[in-house]
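Peer 1: Mind looking over this structure? Questions follow.
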Amino acid sequence: MSLRVGFLKKYLSLLLFLVLVLGGGLLIGYATLPGAWYASLVKPPFNPPNWVFAPAWTLLYVLIAVAGWRTWGRAPAGVAMKVWGVQLALNFLWSPTFFGAKMMGPALVVIVLLLASIVLFIVRAWNRDRLSGWLFLPYAAWVAFATVLNASLLWLN
């Protein structure tokens, strides 16, 4: 019976991480849809089509949640977990800053800090839980691209 309870607790915590990250990200995404303002911006030639963002972020949010869950399971009060929390807060701040407030400059500051926190998480997690570090590599690549895109949009507009 206790093995069963442990199994349920373990996977209930994963579900909670998925709800927090995926649910929070999707909620913020829907609350700050790009809209007419974004459509009117001059975009760089490498700007992806709008349909790419939702599936990309959905997958990334799942990876972020799993990495956070694994990190929390190893050291819930550790430095890596704190960095994970910082990156999530910055992630959730970017859309309201860029799309909601239409402030591309401050959004660029947020996304640069986000990228730095993602890299720091990878560094902190790498030796203790390499899989969590690996799970953040696509996220780092996407946010690096998004940083260049944010900077380009600021420059062009």
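Peer 1: List pairs: first residue in the range 25-50 and hydrophobic (A, V, I, L, M, F, W, C), second residue open to solvent by less than 50 Å² (accessible area, probe 1.4 Å) and part of a helix (DSSP H, G or I) anywhere in the structure, Cβ distance under 6 angstrom, at least six positions apart or on different chains.
Peer 2: So the pair list comes out as ILE28/PHE92; ILE28/SER95; LEU41/LEU153.
Peer 1: Let me ask something else about it. Are there any pairs with C-beta distances below 7 angstrom linking a residue in the range 130-157 that is more than 14 Å from ALA56 (Cα to Cα) to a residue that is assigned to a helix (DSSP H, G or I) and basic (Lys, Arg), with the two at least 6 apart or on different chains, and if so which?
Peer 2: These pairs meet every condition: LEU131/ARG70; SER132/ARG70.
To keep it simple, each residue is scored yes or no on (1) at negative phi; (2) in contact with a Phe, Trp or Tyr (Cβ under 6 Å, 6 or more places away or on another chain); (3) touching a residue at least 60 places away in the same chain (Cβ under 8 Å).
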| site | (1), (2), (3) |
| --- | --- |
| ARG70 | yes, no, yes |
| ARG74 | yes, no, no |
| MET81 | yes, yes, no |
| VAL110 | yes, yes, no |
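Peer 1: Additional query: What helices (runs of 4 or more DSSP H), lying completely within the range 11-102, carry at least 2 residues that are buried (at least 16 other Cβ atoms within 10 Å of the Cβ)?
Peer 2: Output list reads 24-31, 53-74, 79-95.
Peer 1: Checking ARG128 against (1) in contact with a Lys or Arg (Cβ under 8 Å, 6 or more places away or on another chain); (2) not in a loop (DSSP other than H, G, I, E, B), only one condition comes out false. Which one?
Peer 2: (2)
The values are calculated or read from the model by the stated rules, or taken from the named source; none is laboratory data. Nothing here was measured: the structure is a model prediction, and the numbers come from that model. Cβ atoms come from the backbone with ideal geometry, glycine included; neighbour counts cover every protein chain shown. Please note that ligands, DNA and RNA were not included when accessible areas were found on the heavy atoms of the full protein model with its side chains. Shrake-Rupley method; radii C 1.70, N 1.55, O 1.52, S 1.80 Å.
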